[in-house]
Amino acid sequence: MEKERKVLYSGMQATGRLTIGNYIGALKNWVNLNEEYDCFFGVMDLHSLTVRQNPKEFRDNARLIYTQYVAAGLDPKKNCIYFQSHVPTHAELGWILDCFTYMGELNRMTQFKDKSAKHADNINAGLFTYPALMAADILLYQADLVPIGADQKQHLEICRDVAMRFNSIYGDVFTIPEGFFGKVGARIMSLADPTKKMSKSDENVNATIYLVDDRDTIIRKFKKAVTDSDACVRYDVENKPGVSNLIDIYSVITGKSKEDTEKEFEGKGYGDFKLAVGEAVADALDPLHKKVDELLSDRTYIDECIKENAEKAYYVSSKTLRKVHKKLGLTERIR
Ligand code: TYM
């Protein structure tokens, strides 16, 4: 399909509060890339339904996430930022792609295995077919590039496989998307257990830095971060996962290389290092906090963007869906 500019697509679940893992692994890269692409960013509220949500908290969180995308530097007049549930083509193509995705492929997904273990009382069909809906999100916009963290790589692989399968039967319908992973920070680890990914839903509050955390909380959590007894700021993921994770965070946030970070803290203790990482993160999030407050104080601007962008997303995605219907032989609608 001929396009003037390449298309970038990504999104986050609307569950819980965004973390610096989401920020470093995804949002920061979106901001860096957004000028070069035609961008679509979803707040993936339908995906969030695979886990039970408290309706009021869910609605508030989803809006906060939308606002944080904007506050991080994505201009909603230039980037199509919308709620997945406002654009019905997602669920429609999701169903069609369910019919092109094999049980064996879905069975292999680590996110499905992890979430099933965590929510053993609610292993629902949506949790299982989650990747087909995610494939629909991406393929509807003919996306070329999908900037995500390392944990979403498997889902993107399924998306590519399903798209190639569909194209091999029906011709050139979908663009095959490529993943984009930051050189550093594609997998930010928990501060409490650096062998585990930092996650929104960690029960240990010290494990995760949330984008809404204030300066004191951020610094306190970094001070408590689990490291080792070696007392040397050196990058070694296997033997020093905690320190290596902090080096990753520090170098992404400050733009300094790992080597320069090691040099900067040569001969210094972990106390100094942890404080410096905490302060750097707090400094980086400070403008974002201010912008979020500003945006939340005037609902009309964000409301207008939500409305306009849902219309745009529907318009663009409907073109792909119509093409899919035609290729499949679904009866044309009479208008
Ligand atoms: P979600 O909501 O779990 O995470 C949103 C983005 O943040 C990245 N991420 C991380 N990166 C580095 N370190 C971490 N600790 C970390 N935790 C999360 C994720 O990799 C992701 O890029 N299935 C997706 C949402 C989705 C989507 C899409 C993404 C639905 N449809 C279409 C891209 C395109 C998810 O659960 O992300």
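Out of 263, 290, report the one residue that is within 22 Å of residue 75 (Cα to Cα), in the same structural domain as residue 213 (by TED's automatic domain parsing) and part of a helix (DSSP H, G or I).
Answer to the check: 290.
Only one of these is surrounded by 15 or more Cβ atoms within 10 Å (Cβ to Cβ), near the ligand (Cβ under 8 Å from one of its atoms), over 30 Å from residue 270 (Cα atoms) and aromatic (Phe, Trp, Tyr): 130, 141. Name it.
Working: 141 fails: near the ligand (Cβ under 8 Å from one of its atoms).
One residue alone meets the criteria, 130.
Going by what's in this entry, would residue 304 be described as in the same structural domain as residue 71 (by TED's automatic domain parsing) and either modelled with pLDDT of 95 or more or of a type in the set (Phe, Trp, Tyr) (or both)?
Considered against the rule, which asks whether it is in the same structural domain as residue 71 (by TED's automatic domain parsing) and either modelled with pLDDT of 95 or more or of a type in the set (Phe, Trp, Tyr) (or both), residue 304 comes out as yes.
Give me the pairs: first residue in the stretch 75-100 and more than 24 Å from residue 5 (Cα to Cα), second residue basic (Lys, Arg) and surrounded by fewer than 23 Cβ atoms within 10 Å (Cβ to Cβ), beta-carbon distance under 9 Å, and six or more apart or on different chains, which are they?
Within 9 Å, the pairs are 86/307; 100/165.
When you look at residue 156, is it within 10 Å of the ligand (Cβ to nearest atom), closer than 20 Å to residue 321 by Cα and without any contact (Cβ under 8 Å) to a residue 60 or more places away in the chain, yes or no?
Criteria met by residue 156.
Of the residues 48, 85, which single one is within 14 Å of the ligand (Cβ to nearest atom) and open to solvent by 10 Å² or more (accessible area, probe 1.4 Å)?
Answer to the selection: 85.
Could you list, in sequence order, all residues of the stretch 309-331 that are open to solvent by less than 80 Å² (accessible area, probe 1.4 Å) and assigned to a helix (DSSP H, G or I)?
Of everything in the stretch 309-331, those that are open to solvent by less than 80 Å² (accessible area, probe 1.4 Å) and assigned to a helix (DSSP H, G or I) turn out to be 309, 310, 313, 316, 317, 318, 320, 321, 323, 324, 325, 328.
Any idea how many residues of the stretch 203-229 are open to solvent by less than 10 Å² (accessible area, probe 1.4 Å) and among the aromatic types (Phe, Trp, Tyr)?
Counting residues in the stretch 203-229 that are open to solvent by less than 10 Å² (accessible area, probe 1.4 Å) and among the aromatic types (Phe, Trp, Tyr) gives 1.
Determine which member of the set 63, 17, 59 is in a loop (DSSP other than H, G, I, E, B), assigned by TED's automatic domain parsing to the domain that holds residue 151 and more than 10 Å from the ligand (Cβ to nearest atom).
None of the others qualify; the one that does is 17.
Hey, residue 10 hits all of (1) surrounded by fewer than 16 Cβ atoms within 10 Å (Cβ to Cβ); (2) within 8 Å of the ligand (Cβ to nearest atom) but one; which does it fall short on?
Going through the list (1) surrounded by fewer than 16 Cβ atoms within 10 Å (Cβ to Cβ); (2) within 8 Å of the ligand (Cβ to nearest atom), residue 10 breaks only (1).
Would you mind finding the one in 152, 142 that is in a helix (DSSP H, G or I) and polar (S, T, N, Q)?
On inspection, the qualifying residue turns out to be 152.
Six or more apart or on different chains, Cβ under 6 Å: which pairs go from a residue in the stretch 198-214 that's under 13 Å from residue 16 (Cβ atoms) and at pLDDT below 95 to one that's within 12 Å of the ligand (Cβ to nearest atom) and among the small types (Gly, Ala, Ser)? Could you list them?
Close Cβ pairs (under 6 Å, with a partner that is within 12 Å of the ligand (Cβ to nearest atom) and among the small types (Gly, Ala, Ser)) amount to 200/16; 201/16.
What about residue 54, is it out of contact with any Phe, Trp or Tyr (no Cβ under 8 Å at 6 or more places or on another chain), within 30 Å of residue 286 (Cβ to Cβ) and of a type in the set (S, T, N, Q)? Break it down stepwise before answering.
Values: out of contact with any Phe, Trp or Tyr (no Cβ under 8 Å at 6 or more places or on another chain): yes; within 30 Å of residue 286 (Cβ to Cβ): yes; of a type in the set (S, T, N, Q): yes.
Yes: the conditions hold for residue 54.
Answer yes or no: is there a residue in the stretch 15-30 that is surrounded by fewer than 17 Cβ atoms within 10 Å (Cβ to Cβ), closer than 21 Å to residue 251 by Cβ and among the polar types (S, T, N, Q).
no
Please tell me if residue 43 is within 13 Å of the ligand (Cβ to nearest atom), open to solvent by less than 10 Å² (accessible area, probe 1.4 Å) and either part of a helix (DSSP H, G or I) or of a type in the set (A, V, I, L, M) (or both).
Yes; evaluated as a whole, the condition is true for this residue.
The values are calculated or read from the model by the stated rules, or taken from the named source; none is laboratory data. These figures come from a predicted structure and were not determined experimentally. So basically every Cβ, Gly included, is an ideal-geometry build from the backbone, and we count neighbours across all protein chains shown. For accessibility, only protein heavy atoms count, side chains too; no ligands or nucleic acids. Shrake-Rupley method; radii C 1.70, N 1.55, O 1.52, S 1.80 Å.
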